[in-house]
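Student: Starting off with a structure, shown below.
The values are calculated or read from the model by the stated rules, or taken from the named source; none is laboratory data. It should be emphasised that the depicted structure is a prediction, and the values quoted were computed from it without experimental measurement. Cβ sites come from the backbone with ideal geometry, for glycine too, and all protein chains shown count toward neighbours. Keep in mind that these areas ignore ligands, DNA and RNA; they rest on the heavy atoms of the full protein, side chains included. Shrake-Rupley method; radii C 1.70, N 1.55, O 1.52, S 1.80 Å.
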Amino acid sequence: MTPGEKHTFSAKLEIIGINPFVFLPETVLESVLTLSKKYKGKIPIKGTLNGKNYKQTLVKYSGEWRLYVNTNMLENSPKRIGELLTISLEIDEEDRSILPHPKLLKVLEENPDANEVFNQLRPSLRSEIIKYISFLKTEQSIDKNVAKAIKFLLGEASFVGRPKPEFKQSREK
């Protein structure tokens, strides 16, 4: 696989827990892993599923790489287990990073203790907080959740489904 090269294949829709997914054929998977130079973590991909465009992330779970199929990609996907799908995919080279909301940045700058904790969080938790706040629609929700995030970072409240901050492995407790 070269940059921009698409692979097209058929795969049976399967399910793990409540999550529909497909396995990639071994040759496609090897090509994606080689081109992305990633053998763990997340690999951004894009393509078509039954002719409909999608953007998704290829992830490794329980030792297997899986392409999870959500209802944006395939209508009623949880009810279509066993269906044979036509999939094309390629590495998505587009930058998917999300910048922190300016209000979050301002409050972190004003609160050095919270900022220090924020910078010591696991990258995935930092990203989750950034995404959560960045996708809120109203200024009222943004303000309320920025305040909640700061309380969370200071150990005073839970946030994003967690009772306390989870730090990188290297941080001593």
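Student: Out of everything in the range 28-62 that is modelled with pLDDT under 95 and among the hydroxyl-bearing types (Ser, Thr, Tyr), what residue ends up being farthest from residue 97 (Cα to Cα)?
Tutor: 62
Student: How many of the residues in the range 27-47 are within 13 Å of residue 8 (Cα to Cα) and either in contact with a helix residue (DSSP H, G or I) (Cβ under 6 Å, 6 or more places away or on another chain) or charged (D, E, K, R) (or both)?
Tutor: Matching residues across the range 27-47 total 1.
Student: Separate question: Report whether or not residue 120 is open to solvent by 90 Å² or more (accessible area, probe 1.4 Å), over 27 Å from residue 56 (Cα atoms) and of a type in the set (S, T, N, Q).
Tutor: No.
Student: Keeping to the range 10-45, report how many residues are within 12 Å of residue 88 (Cβ to Cβ) and either open to solvent by 70 Å² or more (accessible area, probe 1.4 Å) or small (Gly, Ala, Ser) (or both).
Tutor: 2
Student: Any residue at all in the range 115-132 that's small (Gly, Ala, Ser) and within 30 Å of residue 23 (Cα to Cα)?
Tutor: Yes: one or more hits.
Student: Hey, another quick one. Residue 151: assigned to a helix (DSSP H, G or I) and either polar (S, T, N, Q) or over 24 Å from the mean Cα position of the chain (by Cα) (or both), yes or no?
Tutor: yes
Student: Give the range 52-76 a look and list any residue that's under 18 Å from residue 4 (Cα atoms) and of a type outside the set (D, E, K, R), or say none.
Tutor: Passing the criteria: 53, 54, 56, 57, 58.
Student: If you don't mind, another one. Provide a single number: the residues in the range 131-156 that are open to solvent by less than 60 Å² (accessible area, probe 1.4 Å) and over 19 Å from residue 112 (Cβ atoms).
Tutor: Total meeting the criteria: 6.
Student: How many residues does the range 48-105 hold that are open to solvent by 40 Å² or more (accessible area, probe 1.4 Å), out of contact with any helix residue (DSSP H, G or I) (no Cβ under 9 Å at 6 or more places or on another chain), of a type in the set (A, V, I, L, M, F, W, C) and free of Cβ contacts under 8 Å to residues at least 60 places away in the same chain?
Tutor: Qualifying residue count, the range 48-105: 1.
Student: Among the numbered criteria (1) assigned to a helix (DSSP H, G or I); (2) more than 22 Å from the chain's Cα centre (by Cα), which single criterion is violated by residue 128?
Tutor: The number of the failed condition is (2).
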